[in-house]
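Working notes for the structure below.
The values are calculated or read from the model by the stated rules, or taken from the named source; none is laboratory data. Just so it is clear, the model here is predicted, and its values are computed rather than measured. Positions of Cβ are generated from backbone atoms using ideal geometry, with glycine treated the same way; all protein chains shown enter the neighbour counts. Note: accessible area is taken over every heavy atom of the protein model, side chains too, but ligands, DNA and RNA are not part of it. Shrake-Rupley method; radii C 1.70, N 1.55, O 1.52, S 1.80 Å.
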Amino acid sequence: MSSWAEWLIAHGQADEEMVAQAERVLEAAALRPGDTVLDVGAGLGLLTLAAHERIGDGWVIAVDPSVGVLEELMHLAHEVNANGIVYLVGNAEVLPLPDAAVDAAVLRSVLVHVSDPSAAVRELARVLRPGGRLSLREPLNRDGTYLSTAVDWSQLGELGGRVRPVWEELAASDPLMRLDAAELSAQLEAGGFVDLDVAIEDPGEDWLVTEASVAARLDATGGPDHPSLRELWLTAFAPAETDALVAHLKSLAGTTIRFRRPQLFLSARRS
């Protein structure tokens, strides 16, 4: 584990799973001394700083839509004396770089937030030099399981039978459920990428049900404008019905529920 990854963990900005994902993405990118590396959706720099440690006197270009996040990244990079890092404000669909500008591009949990992955693929192909490497990790949310699909609701009769269809209808319009591994692979091949190495894995998640963890999961959101499950239920069900659903979850306290959490690791080369 790199010193930068250890720092992020110690300061609550990453966990060991995130670090392991980042290390795997960077390993597949086959970074070399002197490379110019693009980190798309850089955030606080988990990939940026770890890539910097691998390329010697090369450069890492951190791109993110948030100026505040990028400024914090650069402040942290200054604290650890990491030179050779620059940042640009932008996103995966419109990368603020000239053609054939970078040797490698790395992404972690970025395309899942992109409204048009095909546009991101075109941009990545444009900014990579011939032979340039792409490496990414993305969650495949549409293939996962959630409270509405992993819990046995049959004890609630007719109400329980409505939980999954309501969730599936809502999930169909959820942008975080959009990304599909086969579609992305086809877009990359059509965009001029070759030697695709695709791995779909499911580390899963074991959830110990407690009253506190029920409340936390019901009120969790996927982003600033993303409603919680409790809010979705209050829209789809009567208040008394929502209370019954919450009570059923709390009645499962002490049990463990297994969720599917598939994720995609993909690397490719620009032809």
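Specify which of the listed residues (199, 253, 186) is among the aliphatic types (A, V, I, L, M) and assigned to a loop (DSSP other than H, G, I, E, B). Walk me through how you get there before you give the answer.
On the way: 199 fails: assigned to a loop (DSSP other than H, G, I, E, B); 186 fails: assigned to a loop (DSSP other than H, G, I, E, B).
Selected residue: 253, the only one of 199, 253, 186 that is among the aliphatic types (A, V, I, L, M) and assigned to a loop (DSSP other than H, G, I, E, B).
Could you check how many residues of the range 1-53 are assigned to a loop (DSSP other than H, G, I, E, B) and at pLDDT below 95? Walk me through how you get there before you give the answer.
Within the range 1-53, the first condition is being assigned to a loop (DSSP other than H, G, I, E, B), and the residues that meet it are 1-2, 11-15, 29-35, 41-45, 53.
Narrowing the set further to residues that are at pLDDT below 95 leaves 1-2, 11-15, 43-45, 53.
Result for the range 1-53: 11.
Checked across the range 151-170, the condition of being out of contact with any Lys or Arg (no Cβ under 6 Å at 6 or more places or on another chain), part of a helix (DSSP H, G or I), under 25 Å from residue 18 (Cα atoms) and not basic (Lys, Arg) holds for no residue.
In the range 216-233, the residues that are under 17 Å from residue 177 (Cβ atoms) form Cβ pairs under 9 Å with partners that are assigned to a helix (DSSP H, G or I) and of a type in the set (Phe, Trp, Tyr), at six or more places apart or across chains, as follows: 229/167; 232/167.
Whenever a residue of the range 123-152 is closer than 18 Å to residue 109 by Cα and among the β-branched types (Val, Ile, Thr), it has no partner that is assigned to a helix (DSSP H, G or I) and modelled with pLDDT of 95 or more lying with C-beta atoms less than 7 angstrom away and at least six residues away or across chains.
Which members of the range 215-231 meet the condition of being farther than 17 Å from residue 167 by Cα and open to solvent by less than 50 Å² (accessible area, probe 1.4 Å)?
Restricting attention to the range 215-231, the residues satisfying the condition of being farther than 17 Å from residue 167 by Cα are 215-216, 223-225.
Result: 215, 223.
Just one of the listed residues (43, 34) is among the small types (Gly, Ala, Ser), open to solvent by less than 30 Å² (accessible area, probe 1.4 Å) and out of contact with any Cys (no Cβ under 7 Å at 6 or more places or on another chain), and it is 43. Taken over the range 62-78, the criterion of being open to solvent by 70 Å² or more (accessible area, probe 1.4 Å) and touching a residue at least 24 places away in the same chain (Cβ under 8 Å) is satisfied by 65, 72. Note on the range 98-129: residues that are in a helix (DSSP H, G or I), in contact with a Pro (Cβ under 7 Å, 6 or more places away or on another chain) and open to solvent by 50 Å² or more (accessible area, probe 1.4 Å) total 0.
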